[in-house]
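What follows is a set of notes on a single structure, which appears directly below.
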Amino acid sequence: MNISKIWRVSFSPTKTSKKVVDAIASGIPGVERDSLDLTYPGKIETRTFTPEELVVIGVPVYAGRVAPLAVQRLKVIKGNMTPAVLVVLYGNREYEDALIELRDIAVTASFLPVAASAFIGEHSFSSSQMPIAPGRPDSVDLASAVSFGRKVFKEIGQLQDFSSLFKLQVPGNIPYKESTGPIPITPKVNQTACTHCGMCIPTCPGGAITIDNDLIMDVERCIFCCACIKTCPENAVSIDAPPLQEKRLWLHENCAERKESELYF
Ligand SMILES: Cc1cc2nc3c(=O)[nH]c(=O)nc-3n(C[C@H](O)[C@H](O)[C@H](O)COP(=O)(O)O)c2cc1C
């Protein structure tokens, strides 16, 4: 099978999923490439891909499932017997049912998953005092992603057509684990330290942040991705609420052992 174009598709508030999608696509040389970023409201394009295109789709794991806002945003893309490479990014705890859920989303949207993977990214709740998978994906992860892309492309090149492909087997359970529902709080803003520079506003995938004298976060729209915390130049935004501080400490203490990427063909 010949591939005429590679698409990098991601929902990636803190950019780790995007980095891995880009690295996988960079392992595929000499083919036209384009990207579709589903992270931000107002920038979402509906698109149907052709059978000659290859789509690399990357999303983060939230509570062992595909991040709910990513599930919603993925509804704008459709395949037409289009081969797809699937990627879930998780913060070195577990990815549980996220990869099987992403496979099912892709199949329902008429993509043909030819390969799938789980990579590790710095956990959204990581901080300098309580690091959780800091700096990942690192050079080892990205090298693995590049060679994964190269291998997938080689295998696709050897196929006569895609009709021989069976449903790609990946780890996970059906029914999927129950989703935990939204987190009913937002990151905390130190209004004295905040200079109202507005840098956090475009980084918010839910469009949850506005400025009206104070910086205001809409709890209904916040998905707790922590992109605003990582962007603020004044460190004025933080995780402060006790249940999340406890979760962060638990992750820091219990998820320190390095996990490696997993690849499925
Ligand atoms: C609300 C929430 C829930 C999360 N749940 C998990 C989880 O179940 N397992 C895990 O290992 N990481 C979990 N993470 C960490 C993210 O999967 C990780 O930080 C990922 O790299 C973020 O992707 P992005 O950089 O593309 O936004 C969670 C993060 C958030 C914000």
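Since every read-out is calculated from the coordinates, none of them should be taken as a lab result. Being a predicted model, the structure only gives us computed values, none of them experimental. In this analysis, Cβ positions are derived from the backbone assuming ideal geometry, glycine residues included, and neighbour counts consider all displayed protein chains.
Any of Lys19/Lys188; Lys18/Lys230; Lys188/Lys230; Lys5/Lys154 with alpha carbons more than 18 Å apart? Name them for me.
Working: Lys19/Lys188 28 Å; Lys18/Lys230 16 Å; Lys188/Lys230 13 Å; Lys5/Lys154 15 Å.
Listed pairs above 18 Å: Lys19/Lys188.
Among the Cys residues of the chain, which have no other cysteine Cβ under 4.7 angstrom away?
Cysteines lacking a close Cβ partner in the chain: Cys194, Cys197, Cys204, Cys222, Cys225, Cys226, Cys232, Cys255.
Measure nothing but the geometry: give the 0 to 90° angle between the long axis through the Cα atoms of 242-254 and the longest principal axis through the Cα atoms of the chain, rounded to 10°.
So the helix axis and the longest Cα principal axis differ by about 50 degrees.
Work out the P(r) tail for the range 188-240: percent of alpha carbon pairs separated by more than 14 Å, whole number.
43
P(r) for the range 66-153, please, calculated from all Cα pair distances in 5 Å bins and given in %.
Each 5 Å bin holds this share of Cα pairs: 3, 13, 20, 20, 20, 14, 7, 2, 1, 0.
Multiply the residue gap between Ala63 and Asp212 by 0.36 nm, knock off their C-alpha separation, and tell me the result in nm, one decimal place.
This chain segment gains 50.4 nm when fully extended.
In deg cm²/dmol, rounded to 500, what helix-only [θ] at 222 nm does the chain give when every DSSP H run of at least 4 residues adds -39500 (n - 2.57) and the total is split over its residues?
One gets -7500 deg cm²/dmol as the mean residue ellipticity at 222 nm.
Read phi for every residue in the range 214-222 and hand back ³J(HN,Hα) as whole Hz from Karplus 6.51 cos²θ - 1.76 cosθ + 1.60, θ = phi - 60°, with x for Gly and Pro.
9, 7, 10, 10, 8, 4, 5, 9, 5
Would you grab the residues whose amide H sits under 5 Å from the one on Lys259? Only those 5+ places off in sequence or on another chain, please, with H modelled 1.01 Å from N.
Answer set, sorted by chain and number: none.
With each pseudo-label sitting 7 Å past Cα toward Cβ, what's the Asp138-Asn190 distance in nm, one decimal?
2.9
Taking Rh as the Kirkwood radius computed over C-alpha pairs, what is the Stokes-Einstein D of the chain at 25 °C in a medium of viscosity 0.890 mPa s, expressed in µm² per second?
Rounded, D is 129 µm²/s.
Nearest 10 degrees is fine. How inclined is helix 98-108 to the longest principal axis of the chain, computing both from alpha carbons?
Compared with the principal axis, the helix lies near 50 degrees.
I'm checking a number: the convex hull volume of the Cα atoms of the range 148-221, normalised per residue, in Å³. What is it? Before the final figure, lay out each step's value.
Values: hull volume 15.4 nm³, N = 74.
Dividing the Cα hull volume of the range 148-221 by its residue count gives 208 Å³.
To check you understand DSSP bridge types, tell me what percent of the beta bridges within the chain (both residues inside) are antiparallel, rounded to 5. Don't skip to the end; give the middle numbers.
Numbers: 11 of 40 bridges.
Percent antiparallel among DSSP bridges in the chain is about 30.
Report, by chain and number, residues whose modeled amide H sits under 5 Å from the one on Leu36, excluding near sequence neighbours (fewer than 5 apart, same chain).
For Leu36, the qualifying residues are Arg8, Val9, Ser10.
Need the C-alpha centroid separation for the range 18-55 versus the range 61-115, integer Å.
14
What trypsin sites (Lys or Arg not before Pro) does the range 135-204 have in DSSP loop regions with at most 16 other beta carbons within 10 Å?
Lys167, Lys177
For Lys5, what residues show an amide H to amide H distance below 5 Å, using hydrogens built from the backbone and excluding near sequence neighbours?
Leu54
With +1 on each Lys and Arg Cβ and -1 on each Asp and Glu Cβ, how big is the dipole of the range 188-240 about its Cα centre, in debye rounded to the nearest 20?
In total the dipole reaches around 180 debye.
Take the chain, connect every pair of alpha-carbon atoms lying under 10 Å apart with a spring to form a Gaussian network, then pick out the residue of Glu94, Glu32, Glu53 with the largest mean-square fluctuation.
Glu32
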